[in-house]
Amino acid sequence: MSRPEQWTCISGCGACCRLDPDERGEALAALDPDQRTLYLSMVGPDGWCLHYDSGGRRCRIYDGRPTFCRVENLADLFAVPEEDGDRFAIGCCRQQIRSVYGGRGRVYRSFERAIQGR
């Protein structure tokens, strides 16, 4: 019997750093006014977070990033019951990774392996 999928962040992804408001309306709607202002101030002209290092595919402020950038907080932001948090986060990541990198690429496959514990 396989274990249930468990959300985990993978190195070299950064799909969640694609903040383009035209693509992330649901994220903006979940934020309070102060968070929304901060979010919008972080969006660069190319739609990526100003703190995203595209060469290294990593966040330059990872340890000090806002709470809305922390995938483990998604359930709270979207009022999802705690017991459904992993499933919700996995769904969000799958959607965002497919949107940014495609559903057949290396990043998507790496994420699938990671959440399945392989």
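Results for (1) more than 23 Å from G117 (Cα to Cα); (2) of a type in the set (G, A, S), shown as yes or no for each residue.
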{"residue": "R3", "(1), (2)": "no, no"}
{"residue": "G12", "(1), (2)": "no, yes"}
{"residue": "E26", "(1), (2)": "yes, no"}
{"residue": "S41", "(1), (2)": "yes, yes"}
{"residue": "D46", "(1), (2)": "yes, no"}
{"residue": "R57", "(1), (2)": "no, no"}
{"residue": "A89", "(1), (2)": "no, yes"}
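Mind listing just one residue for me: the one in the range 69-111 that is of a type in the set (D, E) and surrounded by fewer than 17 Cβ atoms within 10 Å (Cβ to Cβ) and, of those, farthest from H51 (Cα to Cα)?
E83
Return the only residue of G55, G117, G103 being more than 25 Å from Q6 (Cα to Cα), modelled with pLDDT under 95 and out of contact with any Asp or Glu (no Cβ under 6 Å at 6 or more places or on another chain).
The conditions single out G55.
Among the listed residues A79, A114, which satisfies the condition of being more than 14 Å from the chain's Cα centre (by Cα) and free of Cβ contacts under 8 Å to residues at least 12 places away in the same chain?
Step by step, each of A79, A114 is checked, and only A79 is more than 14 Å from the chain's Cα centre (by Cα) and free of Cβ contacts under 8 Å to residues at least 12 places away in the same chain.
Criterion first (out of contact with any helix residue (DSSP H, G or I) (no Cβ under 6 Å at 6 or more places or on another chain) and closer than 19 Å to E5 by Cα) does R87 satisfy it?
Spelling it out, R87 is indeed out of contact with any helix residue (DSSP H, G or I) (no Cβ under 6 Å at 6 or more places or on another chain) and closer than 19 Å to E5 by Cα.
So which residues in the range 1-59 are within 19 Å of Y108 (Cα to Cα) and among the aliphatic types (A, V, I, L, M), if there are any at all?
I10, A15, L19
What is the one condition in (1) out of contact with any Leu (no Cβ under 6 Å at 6 or more places or on another chain); (2) at pLDDT 90 or above that N73 does not satisfy?
For N73, the exception is condition (2).
Scan the range 16-40 residue by residue and report those that are assigned to a helix (DSSP H, G or I), touching a Phe, Trp or Tyr at 6+ places or on another chain (Cβ under 9 Å) and modelled with pLDDT under 95.
Scanning the range 16-40 gives E26, A27, L28, A30.
The values are calculated or read from the model by the stated rules, or taken from the named source; none is laboratory data. Predicted model, so just to flag it, every value in this text is computed and none were measured. All Cβ positions, even for glycine, are placed from backbone atoms using ideal geometry, and neighbour counts span all protein chains on display.
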